[in-house]
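Below is one structure, written out as structure tokens, with a few remarks after it.
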Amino acid sequence: MKLACASSSFHRDIERGELTQLEFLDLCARELACDGAVLDVRHFPRTDDDYLAQVKKMATDRGLSLAALADPSFFASGPERMREVLRRAEILGTPLVAAALEREVSCSWSDQLARVGVAASLAKTLNVTLAVRNAPETFASGTHDLKRLAKEADSAWLRFGPEPETLEAGSEPAALQPNTVLLWSDIGTQSDASVLDAVAAFAGFRGHVALDARSGAADAALAAAAVRRWREILNRA
């Protein structure tokens with residue numbers, strides 16, 4: 001497994017202007033010594049080609065992989081916005097767009113499945129894979145929901161990006177491994193036990209673990225401690 005820090009961990013500081021997206025990449029490379037970064041679409045000050053090229057070049061110069069774009073509202077969006085986010089990923093060379101499905105109270109399952117179908121078709125066109133995140137009260141809260149989605153959507157461009165700790169009760173995380181392209185771990189709540197469980201359930205996974213903070217209020221010390229915990233446990237596995 002490789003370790004990537006998600007910019008959503010620092011959402012508070014980025015929103016306040018105390019940390020820029022480029023400074024975040026520098027932090028990932030120099031202080032955190034991550035393998036990669038996950039960039040939240042909310043944190044791009046610009047989306048023109050020149051700026052995206054600058055982000056890609058800086059990541060390359062720092063030895064970072066741009067593991068994924070994260071977009072909290074991707075599967076609630078219309079086709080034009082979906083296409084814009086996927087295009088951004090294509091220009092950056094980012095292989096994944098990660099997002100949770102909508103809340104069950106927001107729309108019907110058939111409407112959500114239709115949006116997923118549109119998204120998967122666009123993703124295929126631009127060669128960017130979709131990594132569906134689980135989240136409570138959404139149409140993908142556990143392994144059963146995710147497997148149902150994969151079966152009904154029936155697209156090779158739709159894969160999983162689970163956070164094992166927050167899968168609903170009764171889920172079987174290991175059952176998701178064959179179609180998992182990104183893992184998530186909350187740095188504010190993770191423990192040695194939860195990390196060990198994730199490493200065991202996804203023992204054959206070779207992609208990135210996105211270290212995130214649901215609070216959006218992480219600091220460098222908290223992120224560095226999470227990276228150390230994962231490195232130590234992976235080295236023992």
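The values are calculated or read from the model by the stated rules, or taken from the named source; none is laboratory data. Just so it is clear, the model here is predicted, and its values are computed rather than measured. Heads up, the Cβs are rebuilt from the backbone with ideal geometry, glycines too, and the neighbour counts pull from every protein chain shown.
Brief remarks follow.
- Candidates are the residues of segment 1-26 that are among the charged types (D, E, K, R) and part of a helix (DSSP H, G or I); the one that is farthest from residue 42 (Cα to Cα) is 26.
- Residue match in segment 41-53 (condition: modelled with pLDDT of 95 or more and surrounded by 23 or more Cβ atoms within 10 Å (Cβ to Cβ)): no
- Residue 75 within 20 Å of residue 133 (Cβ to Cβ), of a type in the set (Phe, Trp, Tyr), in contact with a Phe, Trp or Tyr (Cβ under 8 Å, 6 or more places away or on another chain) and modelled with pLDDT of 95 or more: no
- All of 141, 121, 106 fail the test of being small (Gly, Ala, Ser), surrounded by 20 or more Cβ atoms within 10 Å (Cβ to Cβ) and more than 19 Å from residue 42 (Cα to Cα), apart from 141.
- Filter pass, residue 127 being without any contact (Cβ under 8 Å) to a residue 60 or more places away in the chain and at positive phi: yes
Matching residues to (1) of a type in the set (A, V, I, L, M); (2) touching a residue at least 60 places away in the same chain (Cβ under 8 Å); (3) surrounded by fewer than 14 Cβ atoms within 10 Å (Cβ to Cβ); (4) part of a helix (DSSP H, G or I):
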residue: 28; (1), (2), (3), (4): no, no, no, yes
residue: 32; (1), (2), (3), (4): yes, yes, no, no
residue: 55; (1), (2), (3), (4): yes, no, no, yes
residue: 59; (1), (2), (3), (4): yes, no, no, yes
residue: 83; (1), (2), (3), (4): no, no, no, yes
residue: 97; (1), (2), (3), (4): yes, no, no, no
residue: 113; (1), (2), (3), (4): yes, no, no, yes
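- Hey, residue 87 part of a helix (DSSP H, G or I) and more than 19 Å from residue 24 (Cβ to Cβ) or not: yes
- Test for residue 10: is it over 15 Å from residue 95 (Cβ atoms), free of Cβ contacts under 8 Å to residues at least 60 places away in the same chain and among the aromatic types (Phe, Trp, Tyr): no
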